[in-house]
Amino acid sequence: RYNSAMNNSSSSVSVRLGEHNTATDLDCTDEEDTKNRWCADPPQNIAAEEIILHPEYRRDDRSQHNDIALIRLERPARETNFVTPVCLPGTGFSPSEPGRNMTIVGFGHTGRRSHSGVKQKARVPVWDGRRCQDKWTSIKLHEGQLCAGGDYNIDSCTGDSGGPMMVQRLYWTLEGVVSFGNRCGLEDWPGVYTRVSSYMDWIRATIRS
């Protein structure tokens, strides 16, 4: 959830795609009879060629404006039943209205435990922007951010930063990216997410380059 020091170096960064349980080499269903057991494809590990931070992001900005980055992979990912792209917001995309549930996933902290070895999923409701700003009085939120959550013990947490906030319309669409929050899972306290639609011009220009 919280940002650590990062620069544009990709020398020690790789991306794992298609992972579900980090404790097993293969992710399979629980049937004892191997004939009925069903296993996912092995995860794909791909080195990062470049990490591209948004040029106006500042680590020391408490409001965490422009908290978004792109990772250019050394080679293309192989699309499978377990590795598929999520859609980016297109032209005319309408942000989800307050109260709509969004889906978040990640391997971050779960309650008192450290990072989860199994991918977790939760649904969190979008907050009205003014109501969220009334909660976060010590910082200034802007249009490139949105808030969601506020239900007890249902939240993104430490280790989930950069993870997706998705909405299912005709297709699954990436509406937000996990940014920061006030601890995790507090009643009536939303987390703050970067609004992807606000950065589509930068994303398109960066991908083209």
- Evaluate the stretch 172-193: report whether one residue or more is more than 25 Å from ASN21 (Cα to Cα), among the aliphatic types (A, V, I, L, M) and modelled with pLDDT under 95. yes
- Message: Looking at the stretch 74-97, I want the residues that are of a type in the set (Asp, Glu) and have a partner that is modelled with pLDDT of 95 or more with Cβ atoms under 6 Å, at least 6 apart or on another chain. Which pairs are those?
- Response: GLU74/ALA47; GLU74/GLU49
- Message: Can you find a residue that is of a type in the set (Phe, Trp, Tyr) and surrounded by 15 or more Cβ atoms within 10 Å (Cβ to Cβ) anywhere in the stretch 139-153?
- Response: no
- Item | Single match in GLY181, GLY176 (criterion: of a type outside the set (S, T, N, Q), in contact with a helix residue (DSSP H, G or I) (Cβ under 7 Å, 6 or more places away or on another chain), crowded, with 20+ Cβ neighbours inside 10 Å and more than 30 Å from ASP25 (Cβ to Cβ)) | GLY176
- Query: Among the strands (runs of 3 or more DSSP E) confined wholly to the stretch 110-209, which include 3 or more residues that are in contact (Cβ under 8 Å) with a residue 24 or more places away in the chain, of a type outside the set (Ser, Thr, Tyr) and closer than 29 Å to PRO43 by Cβ?
  - Reply: 120-125, 164-168, 172-180
- Out of the stretch 78-92, which residues are surrounded by fewer than 16 Cβ atoms within 10 Å (Cβ to Cβ) and either in a strand (DSSP E or B) or within 19 Å of the chain's Cα centre (by Cα) (or both)? PHE82, VAL83, THR84, PRO85, VAL86, CYS87, GLY90
- So which of SER116, SER156, SER161 is surrounded by 12 or more Cβ atoms within 10 Å (Cβ to Cβ) and in contact with a Gly (Cβ under 6 Å, 6 or more places away or on another chain)? SER156
- Query: So is ASN45 exposed (fewer than 13 other Cβ atoms within 10 Å of the Cβ) and in a loop (DSSP other than H, G, I, E, B) or not?
  - Reply: no
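The values are calculated or read from the model by the stated rules, or taken from the named source; none is laboratory data. Quantities reported herein were computed from a predicted structural model and do not represent experimental measurements. Cβ coordinates were reconstructed from backbone atoms using ideal geometry, including for glycine residues, and neighbour counts include every protein chain displayed.
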